[in-house]
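The values are calculated or read from the model by the stated rules, or taken from the named source; none is laboratory data. In this text, all values refer to a predicted model and were calculated from it rather than measured experimentally. Cβ coordinates were reconstructed from backbone atoms using ideal geometry, including for glycine residues, and neighbour counts include every protein chain displayed. Just the protein is used for accessible areas: all its heavy atoms, side chains included, with ligands, DNA and RNA removed. Shrake-Rupley method; radii C 1.70, N 1.55, O 1.52, S 1.80 Å.
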Amino acid sequence: MPHDFNQQIIQEFRARGGKVGGPFEGARLLLLTTTGARSGARHTVPLGYLHDGAGRVLVIASAGGAPRHPAWYHNLRAHPRVTVETGAHTGEAEATVLEGEERDRFFARAVEADRGWADYEARSGRVLPVVALTPVSGAFPGPDAIDAVETLVPAGPDDHAAVMNEIRALMSQAPPLPAGADPAPALPRTGGVPGRWVNATERSAGEAGVLLYVHGGGFEQTQPELEPLMAYRLSQAAGRPAFNMDQRLAPAHPYPAALDDVVAVHRSLLDQGVPAGRVILSGESSGATLVLSALLALKQAGVPLPGAAVAVSPLTDLTLSSPSLDANDGRDVVGRPVVEHITTQYLAGAAADRAPQSPLHGDLRGLPPLLLVAGTREVLLDDARRFAAAASSAGVDVTLDLYEDMPHAFHTAVMSEDPPPPAATFLRRLAGWIGGTAP
């Protein structure tokens, strides 16, 4: 395809989360970024693809039926490590040119799906190379991965304004904890990590388990007046005591300090006899990132995983490659500059494209049931969608709730004495999900 036309497709693909219109509307496309064989520069092209049924995707070096192999093919022969964007997933892959019977078998499958491949080969006068792209970690989401897990929660015409008004009121004056809150320690030890116990139930940690609440704040801020109230609402929904942890904060304590704190608290709960399956990890914003990172760190260390995890408005790809970071900039309460700032401070030089700090880039197989929540106005919308798709493709039980017209961390309005409809709906859906997943 001509360069200018390619650029139009690339821009639309990224802006619309993998969808394009015009002559390629409804087509299955990916973006392949290679390293120039001679120049060393990065080059991105849109390509059709198909799944091989074993976690790889396949692309064909047709060049539209031209007599010579396309430039991207020569690039990946020289530099097999490539970047692949499918709309729901961005990650590194290893390119392998298929040979012999394997090449012929998959090319025949491609022709069966679209006769155009055979026409390209006949017109080109060459055998069209078939290239397998194997993800470096995890797996590429299947074509229906998002649709299988995503639920859109509709909003009324006044809901966005109501949520914003409540959040502003909370920021100006924090409501008191309800009289029924029980601040007594549910367990004596929390791995040396400070925090507060809040119990909205009459159940003990030994009987019911624990919800570990990891607060947000861009890895660098805390709101001690509000966080116990959020822990109280979560305790109500989860039907068990909640521990509102005070993890260490950047920039004084960058990665992996806060992650180590989450892991330490979870280990301490297990050491005191709380069954891993009775622990729920929950967090919002940067706290949600830490929740997902902790699952990967615990799995890698061989520590029994929590029974479930809840991540609201998570940042999952610290390379900041999600299209919604730009598409929703100006529609959300945070924008790309804020996300760039907090990511730089948190990582402090650590790799942005590696797990566990960047959860999307980890091996997601074997994770516990996940509830992911985001608003459709969020700059991090696609971080939630891409992680949900990748986790679902890795065999994880994932629920993705997208709240129409809601901004980043809209659920904080649950702390209001009279929560607006989206916040009340969030609590109902959270309680129902926990009841069906980790009772």
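Results, tabulated for the structure shown:
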quantity	calculated
His69 being open to solvent by 20 Å² or more (accessible area, probe 1.4 Å), touching a helix residue (DSSP H, G or I) at 6+ places or on another chain (Cβ under 8 Å) and under 24 Å from Arg354 (Cα atoms)	no
Contacts under 8 angstrom Cβ, first residue in the range 171-186 being closer than 12 Å to Ser235 by Cα and surrounded by 14 or more Cβ atoms within 10 Å (Cβ to Cβ), partner modelled with pLDDT of 90 or more and among the acidic types (Asp, Glu), 6 or more apart	none
Flag if Leu427 is touching a Phe, Trp or Tyr at 6+ places or on another chain (Cβ under 7 Å), within 21 Å of Val279 (Cα to Cα) and either of a type outside the set (Val, Ile, Thr) or in a helix (DSSP H, G or I) (or both)	no
Selection status of Leu400, open to solvent by 10 Å² or more (accessible area, probe 1.4 Å) and either touching a residue at least 24 places away in the same chain (Cβ under 8 Å) or within 27 Å of Leu296 (Cβ to Cβ) (or both)	no
For His74: the one exception among (1) surrounded by fewer than 17 Cβ atoms within 10 Å (Cβ to Cβ); (2) modelled with pLDDT of 90 or more; (3) under 30 Å from Val149 (Cβ atoms); (4) not charged (D, E, K, R)	(3)
Filter result for Val84 (at pLDDT below 95, in a strand (DSSP E or B) and either crowded, with 21+ Cβ neighbours inside 10 Å or among the hydroxyl-bearing types (Ser, Thr, Tyr) (or both))	yes
Filter result for Gly40 (in contact (Cβ under 8 Å) with a residue 40 or more places away in the chain, surrounded by fewer than 19 Cβ atoms within 10 Å (Cβ to Cβ) and at positive phi)	no
Selection status of Thr412, polar (S, T, N, Q) and closer than 19 Å to Gly216 by Cβ	yes
Those residues of the range 210-248 which are open to solvent by 40 Å² or more (accessible area, probe 1.4 Å), more than 21 Å from Ala179 (Cα to Cα) and not acidic (Asp, Glu), in sequence order	Gln221, Thr222, Arg248
Residues that are open to solvent by 50 Å² or more (accessible area, probe 1.4 Å) and either among the aliphatic types (A, V, I, L, M) or assigned to a helix (DSSP H, G or I) (or both), drawn from the range 346-377	Ala348
Test: residue in the range 113-120 that is closer than 26 Å to Gln11 by Cα, under 33 Å from the mean Cα position of the chain (by Cα) and either open to solvent by 60 Å² or more (accessible area, probe 1.4 Å) or at pLDDT below 95 (or both)	yes
Some residue of the range 269-277 being crowded, with 17+ Cβ neighbours inside 10 Å and over 29 Å from Asp182 (Cβ atoms)	no
Some residue of the range 200-207 being in contact (Cβ under 8 Å) with a residue 12 or more places away in the chain, of a type in the set (Lys, Arg) and either in contact with a Cys (Cβ under 8 Å, 6 or more places away or on another chain) or not in a loop (DSSP other than H, G, I, E, B) (or both)	no
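Every residue, every condition in (1) surrounded by fewer than 24 Cβ atoms within 10 Å (Cβ to Cβ); (2) touching a residue at least 12 places away in the same chain (Cβ under 8 Å); (3) under 20 Å from Gly91 (Cα atoms), yes or no:
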site: Gly283; (1), (2), (3): no, yes, no
site: Ala288; (1), (2), (3): no, yes, no
site: Val291; (1), (2), (3): no, yes, no
site: Leu295; (1), (2), (3): no, yes, yes
site: Ala301; (1), (2), (3): yes, yes, no
site: Pro304; (1), (2), (3): yes, yes, no
site: Ala309; (1), (2), (3): no, yes, no
site: Leu318; (1), (2), (3): no, yes, yes
site: Pro337; (1), (2), (3): yes, no, no
